[in-house]
Amino acid sequence: MYTVYVGDKPIVLTTKVEKETRFKSFLLKSVNIGKVIKMLNTTDLEAVHLIHHNPDKLLKHFLKLLPNVVAGGGKVYNAKNEVLFIYRNSKWDLPKGKVELKESIEETAIREVEEETGVKGLKITRPLSTTYHIFKRNGNHKIKVTYWFEMKTDFDGKLYPQEKEGITQVKWLDNKASQKALENSYANIKILV
């Protein structure tokens, strides 16, 4: 099973047919993804389930519905066990960005964290969940596939928000402050933190 977000509403990719309550179900093979996105954005529907009988083909078929943007990002811990957050588009987020030519996903994640925050000395400690969300650019919907990595650093210098990317703040947040930030964050980030 996979969850893809449209805003904070989930599209659940599943093999199970369930009784519809606050969600609608469609067959993945014949779904009109544009109508599903519009339905989630304009109604009080809580979710959509897209059903396919073969669990191995759920994600593969879904990713063919819209152009994909591949990104890498980091959940970064400092020596005080605080997590690095960025503030962009009036929401708290974790640093991430698109893959560049001939770059591994790990290289992307480290580069994007450095560019968006000014933090150096990053070391990947383990991969985290991959997240999926649908966004709109220039009138077209796309699926962002973000590969996340847990990272550690001893960096204790000044943080620099990458303003040209719309980032206005970069902060190290302890557990209590992280939980507060998550109240104004994205569904995918809440899963990671």
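The values are calculated or read from the model by the stated rules, or taken from the named source; none is laboratory data. The structure displayed is predicted, hence computed values, not measured ones. Cβ atoms come from the backbone with ideal geometry, glycine included; neighbour counts cover every protein chain shown. Side chains included, ligands, DNA and RNA excluded: accessible areas come from the protein's heavy atoms. Shrake-Rupley method; radii C 1.70, N 1.55, O 1.52, S 1.80 Å.
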Reported set for segment 150-177 where residues are more than 22 Å from residue 90 (Cβ to Cβ), of a type outside the set (D, E, K, R) and open to solvent by 90 Å² or more (accessible area, probe 1.4 Å) is 175
What are the residue pairs meeting all of these: first residue in segment 151-169, first residue farther than 16 Å from residue 79 by Cβ and among the aliphatic types (A, V, I, L, M), second residue part of a loop (DSSP other than H, G, I, E, B) and at pLDDT 95 or above, Cβ atoms under 8 Å, and 6 or more apart or on different chains? 167/161
Looking only at segment 138-148, decide whether some residue is within 17 Å of residue 113 (Cα to Cα) and either exposed (fewer than 15 other Cβ atoms within 10 Å of the Cβ) or of a type in the set (Ser, Thr, Tyr) (or both). yes
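Being in contact (Cβ under 8 Å) with a residue 40 or more places away in the chain and assigned to a loop (DSSP other than H, G, I, E, B) is the filter here; which residues of segment 45-94 pass it? Spell out how you get there, then give the answer.
To start, the set of residues in segment 45-94 that are in contact (Cβ under 8 Å) with a residue 40 or more places away in the chain comprises 55, 58-59, 62-63, 65-94.
Within segment 45-94, 65, 66, 67, 78, 79, 80, 81, 82, 89, 90, 94 qualify.
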Kindly indicate the residue of segment 1-43 that is closer than 20 Å to residue 185 by Cα and charged (D, E, K, R) and also surrounded by the fewest Cβ atoms within 10 Å (Cβ to Cβ) among those meeting that condition. 8
Tell me which residues, restricted to segment 1-53, are of a type in the set (Lys, Arg), more than 17 Å from residue 133 (Cα to Cα) and out of contact with any helix residue (DSSP H, G or I) (no Cβ under 8 Å at 6 or more places or on another chain). 16, 19, 22
